[in-house]
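Please read the structure below before turning to the comments.
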Amino acid sequence: MSKLNITVNDQPYDLDIPESRTLAQLLRYDLGLTGTKIGCEEAECGICTVLVNGVPVDSCIYPAFKAQGASITTIEGLANNGDLHALQKAFIDHGAVQCGFCTPGLIMTAKALLDNNPDPSDHEIKVALKDTYCRCTGYTSVFNAIHSAASDLRGQGPLAWKAVKTVEPLKAVGQPVAAQEAVDKVTGHARFADDYVFPGMLFGRTLRAAYPHARIVSIDTSRAEALPGVKAVLTHEDVPGENIHGLVYADWPALAADKVRYMGDPVAIVAAETADIAAEALGLIEVEYEPLPVVGDPEFARSPEAARVHEEREDGNLLKHIKVRHGDIDQGFAEADVVIEREYRTPTIEHMFMEPECAIGVPAGFDDEHPKLTVYVGSQIPYEDRRQAARVLGIPEDQLRVRGTLIGGGFGGKEDIAGQIHVAMLAQTTGKPVKMLYTRQESMLFHPKRHATIIRIKTGARRDGTLTAVQAELYGDGGAYASLSDKVMTRATTHATGPYVVPNARIDCYVMYTNNPPSGAFRGFGVTQSAFAVEQNMDLVAEAIGMDPMEFRLKNAQRVGATTATGQLLRESVGLLETIERVDGDMRAGDAPFRWGWREGSKAYGWGIACAYKNTGLGGGAPDRAVAEVEVFENSIAEVRTSSADMGQGLSAVLAQVTAEELGLPVNQVRVLLSDTDLTPDGGPTTASRQTYVSGNAARHAAVVMREALASVAAEHMSVPPDEIRFEGGKLRYNGSSIEIGEVVGWMREQGMEARSRYTYDAPATQPLGTGGDMHFAFSYATQAALVEVDLDTGAVHVLKVIAANDVGRAINPRALEGQVEGGISMGLGNCLTEQYIIEDGVPWSGLFARYKIPSIKHTPEVISHLVEHPTADGPFGAKGVGEITSINTTPAIANAIYNATGLRVFRIPVDQDALLRAIKSGAREVTATWSDVK
Amino acid sequence: MTLWKHYHTPSTLDEALALLASYDGRARIVAGGTDLLLDIRHGHVPPQEALIDVTCIDGLNTMRLDGDTLLIGAGVTHSQIVGSDTLASRATCLVESCGVVGGPQVRNVGTLGGNVAHALPAGDGTTSLVALDAEVEVVHQGERRWLPIGELFLGPGVSLLDPTRDILVQFRVRLCGPREATAFKRIMRPQGVALPILGCAAWLRLDEAGERCEDARVCIGPVAKVPARATAVEEALRGAPVDEAAIERAVGAAHESLSPRTSKYRATAEYRQEMADVLLRRVLPLAAERARTGQAVPEGVGME
Ligand SMILES: Cc1cc2nc3c(=O)[nH]c(=O)nc-3n(C[C@H](O)[C@H](O)[C@H](O)COP(=O)(O)OP(=O)(O)OC[C@H]3O[C@@H](n4cnc5c(N)ncnc54)[C@H](O)[C@@H]3O)c2cc1C
Ligand code: FES
Ligand code: FES
C-alpha cells in the first residue's frame, strides 16, 4: 500500500492503495466510479477512456501511480449539478446510445476533442475516435451527436435529429423516444453486471480445457484448495443436479466430466477472496488429459475417418440434416437457359459485444433482498437461464431467481449459459456472493459464435429473367455443442432461395459437430451466410443473361400472393418491391448517367446491390408466446413488465410507447421493468427479431385490457357510457371535462380491485419445415446498395456509401430504428471486410481483441436509410422485426460492388486485399483465398 | 492479474539507474506501457517486481532544439511529436509515422523511446528514425554514450539494451535544411494486428537546381530481422533526377535487393514486394516535391 494523491472530477483524494493498480481499477474498485467501463484490457477498444489532465488515455493500461498528482475526469464528472453536458444530451437526442456500454468511452474521447477543437470536421472526429469502439451504433449517430454538441457548446444551439421519413406518427408510436435508461447510460450511472458489488463478495474464475479434444484422465484440485484465500474449487463431481445444459438439445456439461470438446470447455471453477487469487488457483489445478484427434472443419467432420465429438450420438458428428424440397428440381433446371453453380465460404464470426460476460450468484438467505438463490446477469433469456441452472443445481425452479442487469450488447451471443450456473454453484457452496467476470479473451474463447459455412449453390433462370430453380448444399460448423445450431442453420437453409419466387428448390444443409467453439445465434441467424452466396449468384445469373441486376431482382421479387420455397403463401406485408425501388431511385439519382462500375486513375469504383428477407419470430411450429403485465399507479405512472431483454436494441422504449399509446399516457409516464424471473412474466427469448412483435403485442394487449378496466370503473363512477371516454395526455376525457388516470386507479383500489392487467400473447401459429404451411407469421424485407472504392495498387477496399431500405411494417421508434439500420450495416461491413475468427485445428488464434477487428469509426460509410412500412396485420401497430434484417445484405452488396468495380468476384470473406491484389495482377477473375490463407 | 508490484516515477536519470540497480534485474523500464504492459498481461514478459517509469525524468520528456539538430527525449510521446511544428516541417516523416501509431489514447502515452526499444522490424517511429539517420543516447552497461540508431537492433524484438539495467535517454535528429525533405507511408490491412504490412520512410536531398538527388536514405520494413536502410534503393536514386525513371530504378533495386517474407496473417511475400513498389512510388515523389518546394505538410496523421 502506498499513498496516492489524485483529483478525480474536481474532488481531491488521498488514498492508500496497492501500487499495482491500474487507473481503471482505482476508479472502479477503490472509488466506486463504475461509469468507466472495461472492454478488453488491451488498449484496443478505448471504452475505458478517461482524461488525465485533460488528455484521453486508456485507463485499463494506465498505472494509477503514473497519475500521482494528476487531475482525472471521468464520465461521472461531466454533468454539472444534474445538468447534462452538451455531449451527454446530444448522444441521447441523436440516438447514439444503444446498449450504452461504450458510451462513457465515446463521450470522454469526444469531450477531449471538443475541448481542443470547437468545430471538428468528420475527418477530425474519425481521427479522435478511431480507437474508441462501439458495436451497436455503427457510428453515424455518433458523428451527428458530436456535431450537435459542438454547435451547442459554441453557443449556436444543438442540431436537430435528422429525421427519417415515416408514416404519420401517433401520440407515442412513431415518435423518436429515448429509452428510460438513456440518461443513466450517458452519466455513467447505468449498472451492468460487473458494476454490482455485495459485502464479502468472492471472485470466481474458470479453468478451461488445455486441448480442443481430449479425454480427462484425472483432475486434482488439492493444491488449488490449499492456496490461502481460495474458498471453493469445484469440478464435475461437485455438480448437485444433472451435469448438462443447452438451449435446444441438452448436450453441454456444466463442467467437463469425461472429456473436453473445445478449448472453452470449463473443467473446474474457483471462488477466492480476490480475482488474482482465483486466477492463481487455476494454475494449481492439475488435469491429466489424453489428447484425441481433432475435428477441425465441418466437411471433414462428416467423413468416416473423423473422430466423434459426441461418442454417444447415433448420427456421428451430424448434428442435423435440414432439407427444403419444393417443386421439381430437375424440371426446373431443364427449363433454365442459364445455370450458374458456385461455392462460397464464410468464416466463424465473433459477436464482440462490448461488455464481456459477467454473472453474480448470491446465496439464499444472504440478506432480506435475497431470500432465494439469485443470479444477476445480463442475459437474453432469463427464464431459460433459470430452467437450465435449476436442472444443474438440482433445485426446483421456484428456488432460483434470475435478475437481469443491463446488457452491454448481445446480438445473439448472450442466449447461451455463460457463468450463470457456475456462480450459483459457487455461491451455494461458499455461502457468499460470487462474481464471475470473464476477461475479453475468455469471452472470445468461450461463447458460441456465428457458424462458418460452406455453401454450394446452383441457380437456374430463363433468358427472360425468370428464376426456375435453386439447388444448394450447405455445411455449417456447429462446433462442440448444439447451442442454437439446429434453428440457425434451418434459417440459413429456408432462406437460401433469397427473397424471390423460386418454383423449384432442393436445399440440403448439414450442421456438423466439430472441436471448434460452438456456433449459435448471431444477428441474421444463418441468413447472413446464405445471403452472401444467394445474392452473388443472382448477379452472376443476371450477367449471364445480360439483364440489369436490379431489374432481375424486381422480376423475381416476392410479392403478396407469392409462395416461398417452404410452401408459405405470402398474404400481406411484402414490401420488397418498394425497398428495391427506393434504393434504385437513390442509386441512380444525380446528373451523370448511372454506371455500375468505373475507374478514376488507380481507383476502381462500383455499386453493388443485394436483397434480403428475414422471418420475425421463432416460427417453424414453435409456440411463440410472451406475457406482459401492466400496472397503473395513483400517481398516473404505468409500469409494464416482461422478462424480455433490452440489450441496447431499444425494446424498453418500444414497450413504453405501445403501452403509452393505448393508455393515452405521455411516454415518460410509463416505466418498463424487464428481465426478472420473480417480478416479470415470461416474455420468451430475446432472439429472432421477435420482441417488438411478440412482447410488444403482449404489452399492447395488456394495456388495452387495463384501459378497458379503467374505463369501466370510471364510467360507473361518473355515470357516462364507457365508450365515450377518451384516454389522452394521462387523463380520461369525456364531455369536455377530464380526470387524471391515477384518480381512477384510486377508485379501483377503493373497490378492492388492482389496477393491474396481464396478457398472454400467442403469435399466429406456424408450421414446421416440410409441412408446407406457414413457417413464419411475418417477414421483413430489405434492399441495400453499396458503393465501394478499390485501390488497384493495394487491393484495399473502402465502402463509401450504403443506401438501405428496410420494410419494417411500422416504425414504432424511428430514431432507435435508424440505430438498428446504421449498426446493422456496420456489422455487415465488418462481416465482409474486417472480421474472421481464426481457429487452427481447434485452437483459436483470434484470442485477443487486437486479433479480431470490428469496424471502427473510420470505416463508417455514408448511410442513406429509407423505412418502408408495409404493416403486418397482427403486429403491434403493424410492426414486424427489425433487429436482423438491417445487417443481412450489406455483405453481398459490398461483394457485388467489388465485382462491378474490378471484375473480380470474391467467394470468401473477409475480402482480403492481399489476395485481391494478387488476382488483379495475375488477371484472375475469381478470388477464393482469404486472410486466414496468408500463412 | 498483478502485472507489477511497485511503480516508481523517478525524476532524474541517476535515480532511475539507482532504482534499477537496487532491484537487480527484477525491475524493468516502462514508458507508456502500451507494449510492455500488454506483453506482461499476455504472458510474453513475466510480471515485474517493479516498474521504473522514465516519463517523469527531467529531459526525457521534452524536445530541445540545438541549431539544426533536435534532441528528442526517449519518453516523448507520439502525440508530442505529432504536435511539434518543427518536426512537421523539418522531419516530416517522423510526424507521419508517429501520427499513425494506434489511436489518440495510445499516442498520448506511448513513446518514441518505447517504440525503438521494443525493436520491432516494423515499428513505425523506428522506420522514420532510421531514414533520418538518427543517433541515440543510451546508458548501456553503466556507460552513457551516443550511437547510430542502427547499432541498437540485434534481432526481432531484441535490442542492445537490457531493459532491467539500461536506459534509452534521447534521440538526436538532424533536421532537414533547404532542398531536403522526408516522407513516410505505410500499408495496413483491416484485419488482425496493428503492425503495418509494410512501412517506408525516405529522406532526400536535391541539388541546387532542385532536380537531381544528391543524397538519399530509405528505410523499408519489415523486410529483415532488424530495421535497416535499403542501401541499393538509395544508390539507385543518388545522382539522378528524381523523375519517373529514377523511381522505377529504385523500385527495381528494391525488387533485387529486398526479400520480404510471408508472415502469417499479415502478408504474403508477393504482396509485400508489390507494396514496396507502391510505397516507393508514393513516398519518393512526395519527398522530392517537398524538397523542391520547401513546403511539407504531414499526410495521413491519425488515420492510415
Ligand atoms: C492499440 C495499439 C496500437 C498500436 N499501433 C502501433 C502502430 O501502429 N505502430 C507501432 O509502431 N506501434 C504500435 N503500437 C505499439 C506501441 O504503442 C508503440 O510501439 C509505442 O511506441 C511503445 O511505446 P511505450 O512508451 O508505450 O513503450 P513501453 O510499453 O513502455 O515499452 C516498450 C519496451 O521498451 C522498453 N523501454 C521503454 N522505454 C525505454 C527507455 N527509455 N529505455 C529503455 N527501455 C525502454 C520497455 O522496457 C519495454 O520493453 C500499438 C499499440 C497498441 C496498444
Ligand atoms: S482499451 Fe481499455 S478496456 Fe479496452
Ligand atoms: S452502444 Fe456502443 S457498444 Fe453498445
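The values are calculated or read from the model by the stated rules, or taken from the named source; none is laboratory data. Small disclaimer: the values here were computed from a predicted structure and weren't measured. As a convention, Cβ positions derive from the backbone with ideal geometry for all residues, glycine included, and neighbour counts pool all protein chains shown. The protein model used for the area step is the full one, side chains on, heavy atoms only, and it has no ligands, DNA or RNA in it. Shrake-Rupley method; radii C 1.70, N 1.55, O 1.52, S 1.80 Å.
Of all the C-alpha pairs in the range A:200-242, what % are more than 11 Å from each other? Don't skip to the end; give the middle numbers.
Working: 687 of 903 pairs.
Above the 11 Å cut-off, the range A:200-242 has 76 percent of its Cα pairs.
Roughly how many Å² is the accessible area per residue of the range B:63-174, as a whole number, for a 1.4 Å probe?
Working: 3530 Å² over 112 residues.
Ligands and nucleic acids excluded, the result is 31 Å² per residue.
Enumerate the amide H contacts of A:LEU618 below 5 Å, restricted to partners 5 or more residues apart or on another chain; note that Pro and chain-start residues carry no placed amide H.
Amide H neighbours of A:LEU618: none.
Tell me the relative contact order for chain A as a rounded percent, counting alpha carbon contacts under 8 Å between residues six or more apart.
It comes to 14 percent, rounded to a whole number.
Over the Cα atoms, compute the radius of gyration (one decimal) and Dmax (the largest Cα-Cα distance, rounded to a whole number) for the range A:146-251, in Å.
Using the Cα atoms of the range A:146-251, the pair Rg, Dmax is 26.2, 71 Å.
What is the percent carbon and sulfur in the accessible area of chain B, measuring with a 1.4 Å probe over the protein chains and ignoring ligands? All intermediate terms of the calculation are to be shown ahead of the outcome.
Values: 5540 of 11280 Å².
Result for chain B: 49 percent of the exposed heavy-atom area is carbon or sulfur.
Taking a threshold of 30 Å on the Cα-Cα distance, which of the pairs A:LYS111/A:LYS603; A:LYS449/B:LYS5; A:LYS111/A:LYS171; A:LYS185/A:LYS449; A:LYS185/A:LYS487; A:LYS37/A:LYS449 fall above it? Spell out each step's value before the answer.
On the way: A:LYS111/A:LYS603 36 Å; A:LYS449/B:LYS5 37 Å; A:LYS111/A:LYS171 35 Å; A:LYS185/A:LYS449 27 Å; A:LYS185/A:LYS487 34 Å; A:LYS37/A:LYS449 23 Å.
Pairs exceeding the cut-off: A:LYS111/A:LYS603; A:LYS449/B:LYS5; A:LYS111/A:LYS171; A:LYS185/A:LYS487.
For the range A:805-861, just list the percent of Cα-Cα distances falling in each 10 Å bin from zero outward, please.
Cα pair-distance distribution for the range A:805-861, in percent: 20, 36, 26, 15, 3.
Show me the three semi-axes of the equivalent ellipsoid for the range B:63-174, from the C-alpha gyration tensor (sqrt of 5 times each eigenvalue), largest first, rounded to whole Å.
21, 16, 12
Along its three principal axes, how long is the range B:35-89 when you only count alpha carbons? Whole Å, largest extent first please.
43, 21, 14
For the range A:283-332, what is the Kirkwood estimate of the hydrodynamic radius, computed as the reciprocal of the mean inverse distance between distinct Cα atoms, to one decimal in Å? Could you put the intermediate results ahead of the total?
Numbers: mean 1/r = 0.0692 Å⁻¹.
Hydrodynamic radius (Kirkwood, Cα only) of the range A:283-332 equals 14.4 Å.
For the interface of chains B and A, what total accessible area is buried with a 1.4 Å probe, rounded to the nearest 100 Å²?
Working: alone 13530 and 31770 Å², together 40980 Å².
Answer for the B-A pair: about 4300 Å² buried.
Determine the distance separating the Cα centre of the range A:1-80 from the Cα centre of the range B:252-304; give it in Å without decimals.
About 40 Å separates the Cα centre of the range A:1-80 from the one of the range B:252-304.
Return the Cα extents of the range A:342-449 along principal axes one, two and three, sorted largest first, each rounded to a whole Å.
On the principal axes, the range A:342-449 reaches 61, 24, 22 Å in Cα extent.
Please grab the % of Cα pairs in the protein assembly as shown that end up more than 44 Å from each other. Provide the component values of the computation, followed by the final result.
Details: 315268 of 766941 pairs.
When all Cα pairs of the protein assembly as shown are counted, 41 percent exceed 44 Å.
In chain A, which whole DSSP H runs stretch at least 24 Å along their own axis (Cα) and average 0.0 or higher on the Kyte-Doolittle scale?
Numbers: long enough: A:527-545 (26 Å, 0.54); A:696-718 (32 Å, 0.33).
Taking the DSSP H segments of chain A (at least 24 Å long, mean hydropathy at least 0.0), we get A:527-545, A:696-718.
Percent relative contact order of chain B, based on C-alpha pairs within less than 8 angstrom and at least six residues apart? Walk me through the numbers on the way to the answer.
Numbers: 711 pairs, mean separation 52.9, N = 304.
17 percent.
If you consider only alpha-carbon coordinates, what radius of gyration and Dmax does the range B:4-53 have, in Å?
Every Cα atom of the range B:4-53 included, Rg and Dmax give 10.6, 31 Å.
Largest first and to the nearest Å, give the Cα extent of the range A:527-648 along each principal axis.
Here the spans come out as 68, 38, 25 Å, largest first.
Averaged across the residues of B:95-106, what count of C-beta atoms belonging to other chains lies within 10 Å of each residue's C-beta?
Details: counts 0, 0, 0, 0, 1, 1, 0, 6, 17, 15, 23, 8.
Going residue by residue through B:95-106 and averaging, the value is 6.
Under the Karplus relation 6.51 cos²θ - 1.76 cosθ + 1.60, θ = phi - 60°, what is the ordered set of whole-Hz ³J(HN,Hα) values for the range B:39-52, x standing for Gly and Pro?
4, 5, 4, 8, x, 7, 10, x, x, 9, 4, 8, 10, 10
Straight-line reach from A:LYS935: which lysines fall under 16 Å, measuring Cα to Cα and dropping same-chain residues less than 8 apart?
Answer for A:LYS935, where 16 Å is the Cα cut-off: B:LYS264, listed by chain and number.
Can you pull the percent of Cα pairs in the range B:180-293 with separation above 25 Å?
Result: 20 percent of Cα pairs exceed 25 Å.
Taking a probe of 1.4 angstrom, what is the accessible area of A:PHE101 in Å², to the nearest 10?
Its accessible surface works out to 10 Å², give or take rounding.
Can you tally the net charge around A:ASP265? Count Lys and Arg as +1, Asp and Glu as -1, for every other residue whose Cβ sits under 14 Å from the Cβ of A:ASP265.
Details: positive: A:ARG208, A:ARG215, A:LYS259, A:ARG261; negative: A:ASP251, A:ASP258, A:ASP416, A:GLU442.
Summing Lys/Arg as +1 and Asp/Glu as -1 gives 0.
Kirkwood Rh over alpha-carbon pairs of the range A:405-471, then Stokes-Einstein at 4 °C and 1.567 mPa s: what D in µm² s⁻¹, rounded to an integer?
Values: Rh = 16.5 Å.
Using the Kirkwood radius from Cα pairs, D works out to 79 µm²/s.
Under a GNM of chain B (C-alpha, springs under 10 Å), which listed residue has the highest mean-square fluctuation: B:GLU274, B:GLU211, B:GLU143?
Looking only at B:GLU274, B:GLU211, B:GLU143, the largest GNM fluctuation is found for B:GLU143.
Could you state the orientation-averaged shadow area of the convex hull built on the Cα atoms of chain B, in nm² to one decimal?
14.8
Computed over the Cα atoms of the range A:725-873, what is the convex hull's projected area averaged over all directions, in nm²? List each step's numbers first, then the result.
Numbers: hull surface 74.6 nm².
Hull-based average projected area comes out at 18.7 nm².
Relative contact order for the range A:51-123 using alpha-carbon pairs under 8 Å, separation at least 6, rounded to a whole percent? Don't skip to the answer; put the middle values down first.
Details: 39 pairs, mean separation 25.0, N = 73.
That works out to 34 percent.
To the nearest whole number, what is the average tally of beta carbon atoms from other chains within 10 Å of the beta carbons of peptide A:6-19? Don't jump to the answer; show the numbers that get you there.
Details: counts 0, 0, 0, 0, 0, 0, 0, 0, 0, 0, 0, 0, 4, 8.
Neighbouring Cβ atoms belonging to other protein chains average 1 per residue here.
Could you estimate the translational diffusion coefficient of the range A:625-762 from the Stokes-Einstein equation, with Rh from the Kirkwood formula over C-alpha pairs, at 25 °C and 0.890 mPa s, in whole µm²/s? Can you show the working numbers first?
Numbers: Rh = 14.8 Å.
My calculation gives 165 µm²/s for D.
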